[in-house]
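What follows is a short report on a single structure.
Taken together, the values in this text are just the output of simple stated rules run on the coordinates, not laboratory data. The model shown is predicted, which means the values in this text are computed figures rather than measured ones. Glycine gets a Cβ as well: all are built from the backbone with ideal geometry, and neighbour counts include every protein chain shown.
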Amino acid sequence: MKKIVSLIAALLVISGCTNSASGYVKPEEQINNPNKAFNRKKVKNSNAKYVESLQTFALDFYKEVYTKDKNQVFSPLSIATCFSMLYDGANGETKEELADLLNYDDSFNHLEEIQNMLLDCAINSPANKAYLDVSQSLWSKGVDTFKEDYIKKMTDYYYAELFERVDFTGNAAELIADYINHKTNDFLNVKPESFRFNVNTEFVLLNTIYLKSPWAIADLFDKTNNFDSKFFGQNGESTVTFMSGKVEDGEFFKKDTYRIASLDYKYGIKLNILLPDENANYDEILSNRDALNALLNVNALTGYQQNDISWILPKFKVKNGYDLKEPLLKMGLTDNTFDQPDLSAMTNLTDLYISYVTHEAGMEINNEGVEAAAYTQITVQTKAAMPKKSELFRVDHPFAYSITNENGYPLFMGVINQL
């Protein structure tokens, strides 16, 4: 926790607008945009259409990655925000496809909503041991890679940091891994090998999110009440550690084949659980869009019942990495967006393509509360010149020859049959 407090204190340091990654300053020592304040109230209430756009994105992505064979964790907010940065640098068909992916339309101003969301997600309360932050950054090989209008949009609305002169063939992987680990309190323990950069890498768009919070009810899950028991998964049973605690006047929602209940963390953050009935088809319910939509809208559900709730909750820790291209293609993006993106609102560079889109997330639920982190990265490269075909021409047997001048006169001619 000491590390978190020192990190947060450093987040409030006022500094310049760009960094040179060759003279890299660690993120906990220098944060580039001083306008983002922690524990600041939202400018306005979030537009319901913007929240709906995020929820729809979350459900669409869940559908593409869900499998009953393994655990999953991802951050819809991280992925959507990072691709919104790409959207704001795009034009033409690329921008239209990204608008469809993100469910953007004229019913809300996405820039104002993102700024509002980032302020709402800026929590630093050492007294309550609660911390939440969503951060953006731009990393470019060159200087003046990004257009001024794009940089202004990124700094004013996304509170983004800009790092220039990044050596993508040198120490960039170490720097970006270090940056992510500092932003996420080393929770993901990201390694430099996670990144694939080369001489053609021009820039990277990066988002990080980090959350740590105790339960709203102190000592809700006292460790002395922990016990080991069976967890009956879809692929067999296992022995895990369960926590137990009681919430008075707790609210829960019940349908024919499942229930939804919530547990509170600090600052209105909730853990919401969608629990199929024991005799129900788990796979069918856990992939049901209506049930999942209810899970994302617990505050708007009608028919909540109120009662004391005795919770038996397993402790768990889960971590996943994703190559985002395949699920995003299934969600509506086309190969053209990756292979020939129109990023003319972002940069004057041409012959660009999106080489990698990656996401990593982790979460731990335990007696103390929750700790979770994620990052999303979009890597953009210039297309390498097509290599010329190499023809093997090995002169190791008899051959004829000639020597001519510029007009084609046959000055010499002959044959070599033996050397």
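What shape does region 180-219 take by its C-alpha gyration tensor, where a ≥ b ≥ c are the square roots of the eigenvalues and a/c under 1.5 counts as rounded, a/b above b/c as prolate, and the rest as oblate? Working shown, then result.
Working: a/c = 5.97, a/b = 2.98, b/c = 2.00.
Prolate, because a/c is 1.5 or more and a/b exceeds b/c.
Computed about its Cα centre, the charge dipole of region 128-260 is approximately 300 debye, with only Lys, Arg, Asp and Glu carrying charge at their Cβ.
Taking square-rooted eigenvalues a ≥ b ≥ c of the alpha carbon gyration tensor, is region 162-204 rounded, prolate or oblate, where a/c under 1.5 means rounded and, failing that, a/b exceeding b/c means prolate? Each step should come with its number before you reach the end.
Numbers: a/c = 2.76, a/b = 1.72, b/c = 1.60.
Prolate.
Here are some pairs, LYS68/LYS317; LYS129/LYS191; LYS68/LYS95; LYS230/LYS270; which of them have Cα atoms lying more than 29 Å apart in this structure? Exceeds cut-off: LYS68/LYS95. Can you list the aspartates and glutamates whose alpha carbon is less than 13 Å from that of LYS44, not counting same-chain residues fewer than 8 positions off? Straight-line reach from LYS44, under 13 Å: GLU112, GLU113, ASP120.
Expressed as a whole percent, the proportion of Cα-Cα pairs in region 227-314 lying more than 17 Å apart is 55%. For region 256-376, a crude dipole built from +1 on the beta carbon of Lys and Arg and -1 on the beta carbon of Asp and Glu, taken about the Cα centre, is about 320 debye to the nearest 20. Computing FRET efficiency as 1/(1 + (r/R0)^6) for ASP106 and PHE232, where r is the C-beta to C-beta distance and R0 is 30 Å, gives about 0.05. Taking the Cα centre of region 63-122 as reference, the dipole from Cβ charges on Lys and Arg (+1) and Asp and Glu (-1) amounts to some 440 debye.
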